[in-house]
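Beneath this line is the structure, given in structure tokens, with notes to follow.
Nothing in this text is a laboratory measurement; each read-out follows from the coordinates by a stated rule. Worth saying up front: this structure is predicted, and the values here are computed from it rather than measured. With ideal geometry, Cβ positions are generated from the backbone for all residues, glycine too; neighbour counts draw on all protein chains shown.
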Amino acid sequence: MCNVLIVHYSMYGHIYKMAEAVAEGVREVAGCDVTIKRVPETLSDEVLGMMGALEAQKSMAHIPVATVADLAEADAIIFGTPTRFGNMCGQMRQFLDATGQLWMKGALVGKPGSVFASSATQHGGQESTILSFHTTLLHQGMVVIGLPYAFAGQMGIGEITGCSPYGASTITGGQGERMPSDNELAGARFQGAHVARIALKLKG
């Protein structure tokens, strides 16, 4: 069995919905199992409340919190993060900054790694977020996997949509009012299945 781990941070639920779709894609591949976990929250309930995110956070409290050890045990890792000024969110950055021991041991070398993201606006930095995230994966020696143009949904111009060759993404709206579209969720599912198939090949 090939074990795929999805590690994400979701403030309002958009990235979590994408993570669920990524997991659906992994499950489509025979011989692959998937687990969804979240990185630890670094903001207080008071701050989350002022940001209007406390209720959303409570609704996702059932999701297990990831540890650094979980990364070493997985056969492939798919990361999900919202965009913060064109980069990953601070919660994800803090989690990854704790992986120095894995780097020293080469524990992630050769493992498939992939990223999906969100941003508030159509050109709000989701692509730069994924690309800059890849730098960390490369330093860890991971095999970076994107979202190939075999997913034709990223080529359409008939609707506002996320997704790019770098990875699936969703556009949330300035107030978080837009949840992932069918096309964005399809991209996430495609990415999950794509990573799972490659992970199986590398493991076998």
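Express the Stokes-Einstein translational diffusion coefficient of segment 2-203 in µm² s⁻¹, to the nearest whole number, given a Kirkwood radius over alpha-carbon pairs, 20 °C and a viscosity of 1.002 mPa s. Don't skip to the end; give the middle numbers.
Values: Rh = 16.6 Å.
Value of D from the Cα-based Kirkwood radius: 129 µm²/s.
Which residue, S169, S44, S128, tops the fluctuation ranking in a GNM of the chain built on C-alpha contacts under 10 Å?
S44
If you take every DSSP beta bridge whose two residues both sit in the chain, what share of them, in percent to the nearest 5, is antiparallel? Before the final figure, lay out the partial values.
Values: 3 of 28 bridges.
So the antiparallel bridges amount to about 10 percent of the total.
Please list, in chain and number order, the residues 5+ apart from R84 or on another chain whose amide H is under 5 Å from its amide H, with Hs placed from the backbone.
Here the answer is C89, since their amide H atoms fall under 5 Å of that of R84.
Take the alpha-carbon centre of segment 1-56, take the same for segment 144-185, and report the distance between them in whole Å.
The distance from the Cα centre of segment 1-56 to that of segment 144-185 comes to 17 Å.
Let me have the 222 nm mean residue ellipticity of the chain computed from DSSP H runs of 4+ only, each contributing -39500 (n - 2.57), with the sum over all residues rounded to the nearest 500.
Mean residue ellipticity, 222 nm, calculated: -11500 deg cm²/dmol.
Above 13 Å lies some portion of the pair distances; for segment 120-181, what is it as a whole percent of all C-alpha pairs? Walk me through the numbers on the way to the answer.
Values: 1238 of 1891 pairs.
Across segment 120-181, Cα pairs with separations above 13 Å total 65 percent.
Skipping prolines and chain starts, which residues have an amide H placed within reach, meaning under 5 Å, of the one on V34, given they are 5 or more residues away or on another chain?
V4
Which residues' amide hydrogens lie under 5 Å from the amide hydrogen of A66, considering only partners 5 or more residues apart or on another chain, with H built in the peptide plane?
Here the answer is R38, V39, since their amide H atoms fall under 5 Å of that of A66.
Using +1 on the beta carbon of Lys and Arg, -1 on that of Asp and Glu, and nothing else charged, what's the dipole of the chain about the Cα centre, debye to 20? Let's see the in-between values first.
Working: 14 positive and 17 negative charges, 105 e Å.
That gives the chain a dipole magnitude of about 500 debye.
GNM on the chain, C-alpha springs below 10 Å: top fluctuator among A186, A72, A30?
The residue that fluctuates most here is A30.
Taking the chain as a Gaussian network, Cα atoms linked when under 10 Å apart, which of T170, T129, T99 shows the biggest mean-square fluctuation?
T99
Report ³J(HN,Hα) in whole Hz for each residue of segment 25-37, in order, from the Karplus equation J = 6.51 cos²θ - 1.76 cosθ + 1.60 where θ = phi - 60°; Gly and Pro get x.
Rounded to whole hertz, the list is x, 4, 5, 5, 9, 4, x, 10, 10, 9, 10, 9, 9.
Can you tell me the alpha carbon radius of gyration of segment 67-121 divided by the globular rule-of-thumb value 2.2 N^0.38 Å? Before the final figure, lay out the partial values.
Numbers: Rg = 12.3 Å, N = 55, 2.2 N^0.38 = 10.1 Å.
Taking N as the residue count of segment 67-121, the ratio is 1.22.
In nm, what is the difference between 0.36 nm times the number of residues separating T35 and A152 and their Cα-Cα distance?
Details: separation 117, 0.36 × 117 = 42.12 nm, distance 2.68 nm.
Separation in residues times 0.36 nm, less the Cα-Cα distance, equals 39.4 nm.
Give the Rg (one decimal place) followed by the Dmax (whole number) of segment 17-84, computed from C-alpha coordinates and expressed in Å.
14.2, 44
May I ask you to derive the relative contact order of segment 2-203, considering only C-alpha pairs under 8 Å and at least 6 residues apart, and to give it as an integer percent?
On the way: 418 pairs, mean separation 54.6, N = 202.
Relative contact order, segment 2-203: 27 percent.
Quick one: Karplus J couplings for segment 106-117, per residue in order, coefficients 6.51, -1.76, 1.60, θ = phi - 60°, nearest Hz, x for Gly and Pro?
The phi angles translate into x, 5, 9, 4, x, 7, x, x, 8, 9, 10, 8 Hz.
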